[in-house]
Amino acid sequence: MPCLSVVMPCYNEERTILAVVKAVLDSPYTHELIVVDDGSTDGTRELLAGLSDPRLRVLLQPVNQGKGAALRRGFAEAQGPYVVVQDADLEYDPQEYPDLVGPLLADKADVVYGSRFLGGRPHRVLYFWHSVGNKALTTVSNVFTNLNLTDMETCYKVMRREVLDSFTLEENRFGIEPEMTAKIAAGGWRVYEVGISYSGRTYDEGKKIGWKDAFRAFYCIVRYSHLGESMKRRRQRA
């Protein structure tokens, strides 16, 4: 049953980190949890230092470098057959791992996205313009990748280890989301979506992504889209 390497980038999340770590480790699907602390300056590191579980590894970035940099480091350390991204807040629920990993275990998919806009799962009602921005980014990404995703920017992306090994990630911040999507599409991997719940938080509660990241995401969609045909040809030759 334990099959997931959970990679959790973390920055100044002392209010939520213990609850999220417990929820991840409580899942019977968790093979290992790799927390990459991205230079936290609150009490997050001290809380992580007090935890003890054979499945937990804590990696410390010397300075804050961004979500993408933290994910790259965590991906390089992951050892399980499937890798999932888990944010260190309480917006995404690890109890939904069975839904995310189901298409992989059934050999129907190589990559599974957890969509906040698909299905009838509960959602906290928050910012209208954030939802508009997310849908706009997803639409533009779909135009370039020829996928029909409903939520490209979702945290919950689960993939086979060999998918991650097939490309090199470059982005340091939130641009890693469209970069991963472009490179997954370019590789011709089988992609599924499943509906998930979402308990979004406000900026006062610690939300970090902003409009500058949205502009960077548009840039990344265009930048990495040109890799498509060359990556497909390399995979076909292999």
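Summary of computed values
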read-out: Test: residue in segment 51-64 that is in contact (Cβ under 8 Å) with a residue 40 or more places away in the chain, touching a Pro at 6+ places or on another chain (Cβ under 7 Å) and not small (Gly, Ala, Ser); value: no
read-out: Options Ala19, Ala78; residue that is out of contact with any strand residue (DSSP E or B) (no Cβ under 8 Å at 6 or more places or on another chain) and of a type outside the set (Val, Ile, Thr); value: Ala19
read-out: 3 or more residues modelled with pLDDT under 95 and of a type in the set (A, V, I, L, M): qualifying helices (runs of 4 or more DSSP H) within segment 69-181; value: 128-145
read-out: Residue in segment 25-33 that is of a type in the set (Val, Ile, Thr) and not in a helix (DSSP H, G or I) present; value: yes
read-out: Close pairs (6 angstrom Cβ cut-off, 6 or more residues apart or separate chains): within 16 Å of Gly119 (Cα to Cα) in segment 140-152, crowded, with 17+ Cβ neighbours inside 10 Å and small (Gly, Ala, Ser) anywhere; value: Thr150/Ser115; Asp151/Ser115; Met152/Ser141
read-out: Hits in segment 197-238 (condition: at pLDDT 55 or above, surrounded by 16 or more Cβ atoms within 10 Å (Cβ to Cβ), more than 13 Å from Glu153 (Cβ to Cβ) and not small (Gly, Ala, Ser)); value: Arg223, Tyr224, Leu227
read-out: Residue check, Ala185 in a helix (DSSP H, G or I), among the aliphatic types (A, V, I, L, M) and in contact with a Gly (Cβ under 9 Å, 6 or more places away or on another chain); value: yes
read-out: Top-ranked residue in segment 159-192 [being hydrophobic (A, V, I, L, M, F, W, C) and touching a Phe, Trp or Tyr at 6+ places or on another chain (Cβ under 6 Å); ranked as farthest from Ala109 (Cα to Cα)]; value: Ala182
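The values are calculated or read from the model by the stated rules, or taken from the named source; none is laboratory data. Everything numeric here is computed off the predicted structure, so don't read it as measured data. A quick note on method: Cβ atoms are made from the backbone with ideal geometry, for glycine too, and the neighbour counts reach across all protein chains shown.
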